[in-house]
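The values are calculated or read from the model by the stated rules, or taken from the named source; none is laboratory data. Note that this is a predicted model, so its numbers are computed, not measured. Because the Cβ atoms are built from the backbone with ideal geometry, glycine has one as well, and the counts that use them run over all protein chains shown.
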Amino acid sequence: MPELPEVEVTRLGLLDALSGATIHGLVMGKALRWPLGCDPLQFVGWRILTVQRRGKYLWMPMRALVERAQGDGGLLWHLGMSGSLRWGTALGELGRHDHVQMQTDRGELRLTDPRRFGAVVWSPSLEAAPATTLLNHLGVEPLSTDFKPEVLFKGLAGRRISIKQALLAGHVVVGVGNIYCSEALFLARIAPQRPASSLTHAECARLVEAIQATLTAALAAGGSTLRDFQSAHGVNGNYQGLAHVYGRAGQACRVCTEVIEKEVQGQRATYFCRRCQSA
Ligand SMILES: [Zn+2]
């Protein structure tokens with residue numbers, strides 16, 4: 001599943017190409033998780049202003065440039081479980097898993113999504129529905145200065161679920177997916193089974209630092225190496241080879257040599273070192 005670093009890598013890969021590009025056509029294929037919400041022909045002659053990210057959503061604000069079309073708004077893209085975006089000037093014929101194609105004066109953007117949990121949704125702005133419906137429950141951005149220990153501490157207060165599940169839910173902090181959750185808890189030396197509300201302020205401070213370090217390292221490596229993920233230019237990321245615990249069950253901890261364990265929490269695999277994460 002594309003996680004926040006993969007989406008950010010995708011955004012960075014598309015930013016220069018798409019900022020200022022004029023749309024020549026939008027072709028929608030098989031139904032995705034949510035409908036577009038307007039006529040795709042509406043976008044002919046519209047100019048994309050920039051590419052932004054909120055959580056795991058990409059937001060492309062755009063403006064009509066032609067006389068017959070007026071107004072502004074944008075497209076919200078989500079990669080779902082298996083989606084990837086590709087950009088190029090000659091991508092060739094559409095494959096059976098290519099469900100959205102946007103032609104511009106500079107090249108084509110294509111959404112490939114075998115499982116079709118992704119979506120492209122029109123919204124008049126980020127502050128209006130349907131964007132607000134999709135984005136309002138999202139927690140603070142983990143790489144922003146708003147993500148402070150006290151924000152995490154307050155967000156976890158009263159939560160009886162495990163810290164692993166509280167992070168994954170995304171209501172306190174957004175975009176810390178399964179891989180990065182295991183990794184950050186390891187770096188912060190916190191057991192993933194701990195009740196969320198039991199974390200001390202000092203532990204929250206360690207966890208904020210660990211989440212930011214983990215996501216920053218993943219970004220630098222170009223995202224994780226999941227089989228479904230390709231960045232906007234079709235390059236696989238290299239993060240997973242750097243993982244401390246994720247995907248390493250039965251192998252020795254890189255810090256203490258204890259055997260890394262795997263446990264299922266809320267139907268998702270959690271990897272941890274019992275000795276390093278004894279707190
Ligand atoms: Zn260890």
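Some values worked out for this structure:
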read-out	value
Unmet requirement for Ser84, which otherwise passes all of (1) surrounded by fewer than 21 Cβ atoms within 10 Å (Cβ to Cβ); (2) at negative phi	(1)
Residues within region 257-271 that are within 24 Å of the chain's Cα centre (by Cα), closer than 16 Å to His244 by Cβ and either of a type in the set (Gly, Ala, Ser) or near the ligand (Cβ under 9 Å from one of its atoms) (or both), tallied	1
Any hit, region 58-69, residues being modelled with pLDDT of 90 or more and of a type in the set (Asp, Glu)	no
Any hit, region 4-21, residues being farther than 30 Å from Tyr180 by Cβ, modelled with pLDDT of 95 or more and out of contact with any helix residue (DSSP H, G or I) (no Cβ under 9 Å at 6 or more places or on another chain)	yes
Qualifying residue in region 174-184 (condition: over 26 Å from His137 (Cβ atoms), in the same structural domain as Ile163 (by TED's automatic domain parsing) and either away from the ligand (no atom under 16 Å from the Cβ) or modelled with pLDDT of 95 or more (or both))	no
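Matching residues to (1) assigned by TED's automatic domain parsing to the domain that holds Met102; (2) surrounded by 15 or more Cβ atoms within 10 Å (Cβ to Cβ); (3) modelled with pLDDT of 55 or more:
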residue: Gly223; (1), (2), (3): no, yes, yes
residue: Arg227; (1), (2), (3): no, no, no
residue: Gly237; (1), (2), (3): no, yes, no
residue: Arg248; (1), (2), (3): no, yes, yes
residue: Gln251; (1), (2), (3): no, no, yes
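A quick yes/no check of all residues on (1) at pLDDT 95 or above; (2) more than 15 Å from Ala205 (Cα to Cα); (3) of a type outside the set (Phe, Trp, Tyr):
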| position | (1), (2), (3) |
| --- | --- |
| Leu138 | no, yes, yes |
| Glu150 | yes, no, yes |
| Lys154 | yes, no, yes |
| Ile161 | yes, yes, yes |
